[in-house]
Amino acid sequence: MKIFLDTANIELIKKWAHTGLIDGVTTNPTHLSKEDANPTNQVLAICDLLPWASSALKSPKQIPKMCTSKHAKLPHYRITLP
């Protein structure tokens with residue numbers, strides 16, 4: 001079983017990342033909108049904290065933009081369709 005945090009909050013991710021208890025982070029536009037940061041920069045920051053597993057849930061309308069974005073090219077980043 002894998003455990004993922006469902007958040008975009010960097011402080012919360014930092015709190016749990018070093019414990020070895022989580023396998024990654026899943027996030028979505030709602031989580032990203034709650035943070036006071038550019039969504040793309042926020043996802044990149046998450047990928048920097050957890051280079052082994054990050055994922056962003058996106059609506060189908062947002063898929064083309066996400067697939068061509070710079071962070072979508074990272075090997076550990078997955079775009080999951082709802």
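Of all residues in the stretch 37-52, at least one satisfies being surrounded by fewer than 17 Cβ atoms within 10 Å (Cβ to Cβ), at pLDDT 85 or above and more than 9 Å from the chain's Cα centre (by Cα). One residue stands out in the stretch 17-42 among those that are in contact with a Leu (Cβ under 7 Å, 6 or more places away or on another chain) and in a loop (DSSP other than H, G, I, E, B): the one that is farthest from M1 (Cα to Cα), namely N28.
The values are calculated or read from the model by the stated rules, or taken from the named source; none is laboratory data. Nothing here was measured: the structure is a model prediction, and the numbers come from that model. Note: ideal-geometry Cβ built from the backbone for every residue, glycine included; neighbour counts use all protein chains shown.
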